[in-house]
1. Given contacts defined as C-alpha pairs under 8 Å and at least six residues apart, what's the relative contact order of the range B:88-158, whole-number percent?
2. Quick one: putting +1 on the C-beta of Lys and Arg, -1 on the C-beta of Asp and Glu, what dipole do you get for chain A around its Cα centre, in Debye to the nearest 20?
3. Take every Cα pair under 8 Å in the range B:136-219 that's 6+ residues apart, average their separations, divide by the length, and report that relative contact order as a whole percent.
4. Once phi is turned into θ = phi - 60°, what whole-Hz ³J(HN,Hα) does the Karplus curve with 6.51, -1.76 and 1.60 give for every residue of the range A:231-243, x standing for Gly and Pro?
5. Of all beta bridges DSSP finds with both residues in the protein assembly as shown, what is the antiparallel percent, to the nearest 5?
6. How large is ³J(HN,Hα) for each residue in the range B:126-131, as worked out from phi by the Karplus curve 6.51 cos²θ - 1.76 cosθ + 1.60 (θ = phi - 60°), to whole Hz, x for Gly and Pro?
7. Between A:THR163 and A:MET317, what's the calculated FRET efficiency when r is the beta-carbon distance and R0 is 60 Å? Round to 0.05.
8. About its Cα centre, what dipole magnitude does the protein assembly as shown give when the only charges are +1 on Lys and Arg Cβ and -1 on Asp and Glu Cβ, stated in debye to the nearest 20?
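Values in this text are rule-based calculations from the coordinates and carry no lab data. Predicted model, so just to flag it, every value in this text is computed and none were measured. When we count neighbours, we look across all protein chains shown, and the Cβ atoms used for this are built from the backbone with ideal geometry, even at glycine.
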Amino acid sequence: MIQSTSKKTVQYDDKWGITTDKTSLFLGLLALITLPLLVQTNDYILQVFTHALLLASLALAWNFLGISGSISLGHAAFFGVGAYGSALLSLEQGLSPWLTIPMAGLFATGLGLMVGLICLRLRGAYFALATLAFVEIPRVITDNWDALTRGSLGLVGISGLPTLRMGAWHVDFGSSITASYYLVFAYFVILLGLVTFVFRSNMGLALQAIREEEIAAEAVGIHVNRYRLLSLLMSAFFTGVSGACYAHLVRYIEPGLVYGLHFSAVPMIFAICGGRFTILGPAVAALVLYPVDQFIFHPLLPAGHEFLYGAVLILTMLFMPNGFWGRLRNA
Amino acid sequence: MILLQLKSLNKTFNNFCALSDIDFSLSEGEIVGLVGPNGAGKTTLFNLICGRYRPSSGNILFKGIDITNLKPHEICRLGISRTFQSSRPFPRMSAMQNVLVGHIFGKGFSLHACPEDRQMAKELLEIVGIAHKADTPAGQLTLSEQRRLDLARALATRPKLLLLDEVAAGFSPVLVKQAIQLVNRVRERGVSLLIIDHFLNLSLKVSDRLLALDHGEKIAEGPPHMVMRNRDVLQAYLGLRHQDEEDD
């Protein structure tokens, strides 16, 4: 009775197109490791790729939540809290960024808990709009609490990326662009490893099930609210850490910048363009789109180069709803 | 032994009374068909048992435990599983993954999938007859295959009681025959069943008892042939005129 429909079935492997991923992961990481050697004389290229790696980490962090089907338009809240948290702790208390960066992640997680308890009962567009509105709360506080945050003046003179000491040997990540690049690269690789682990674990399975069909997910024993909250907290933590890295990398922050729409929109755009149902998609999109934007569109259109992101987002949603990485892997 | 017990269960939506004063119990190993015309409250009753809705009043006991106020995932872990009227697979996940989700989470959380899980999932896909589609995304299965997948996923949670919602609706006679075999196989695994069956094409053949609802009220309960001769049931299904003719 089972009609074997000769419809072209997409081959779906359980583990997210592992072979494609493995090869491209290997080649990609190799290229990223050797990049500083290839472009030694050109600091600008390296700087752009440092930022691209940071944005890729941001996109990966965003996708912790994205995999469960929720779209956040307010990750700048976590990014800003992370950036300000780490910057203020190191400026005012003189703590080492090794300490303040993870602490900033915890601040962002705290905010994530608030967002989660209030907004996670919402779904789809309602959740997205609530997160969009939520960004305003930390932004307004940071903007107006002059005594603590110096308000809209922003913070200058933030300490650079920290030094790693092991006995006599030490490497100062803030000293050169190459060193900063490698620190951000290391963070990116760790985060990528973690994302891979979570996505392939049973928790990843639960998050996908929730995204696919929430009512069925709870009917087969998945504690939906717990998993959604957990994914939001992880997402907030790493977005906060990314924000803290940004603060120490750029060494200047202001509320309008770190709480700006840019840092809410960019991880979402990368995740959706790259493929939010894949592990690598968001990172690949960041590592391709940001350099393209900076090297090609920025010189051409200094004022409006970011139209690229909007255009790419619209085109992906129209023609590749699973993102270009999702498309490639099933091609 | 009584597995499921409903005690004067009521459910009202705003001012509309969807179920009123339902008393019912189901013993271990039993198969009960839940019948009634559209809007009788059959699916509402399922949603109450599974914890998707809270009853307005009354109690639900499962294995003697009060589950009235438990959440759906807690009820599933206690041993009640269900399929949906229009099946709800996880469309972008493979059939295998669909079943694995049920197996891994159906009895609470386990951190890592082990090989036995896959073996188990494979077995269930074989039982419902779609093992050859294990790697196909569930969204690409046919309607009948999706219903089977729904069933396999529900069984993967290792339930004591399985609620089937219109599992054979729209099936051809051949498919209905297969569904009957399937239900009997499920019963052999020691699972009790409550089957919603609007068109009566399945429950008349497999049920030990029928429970008939109309307008949210229990109108009859008993062996299938008795219930099908019940005046209220005939009236609910076929209307008053038919009954008048019978009376003449």
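1. Values: 101 pairs, mean separation 36.9, N = 71.
Relative contact order for the range B:88-158 comes out at 52 percent.
2. Details: 17 positive and 16 negative charges, 144 e Å.
Using Cβ point charges on Lys, Arg, Asp and Glu, chain A gives about 700 debye.
3. Working: 65 pairs, mean separation 23.3, N = 84.
Computed value for the range B:136-219: 28 percent relative contact order.
4. Whole-Hz 3J(HN,Hα) from phi for the range A:231-243: 5, 5, 5, 5, 4, 5, 4, 6, 5, x, 4, 4, x.
5. Within the protein assembly as shown, antiparallel bridges account for around 60 percent of the total.
6. Karplus-based 3J(HN,Hα) across the range B:126-131 equals 5, 4, 8, x, 10, 4 Hz.
7. On the way: r = 44 Å, r/R0 = 0.74.
E between A:THR163 and A:MET317, to the nearest 0.05, is 0.85.
8. On the way: 47 positive and 43 negative charges, 183 e Å.
Dipole magnitude for the protein assembly as shown comes out near 880 debye.
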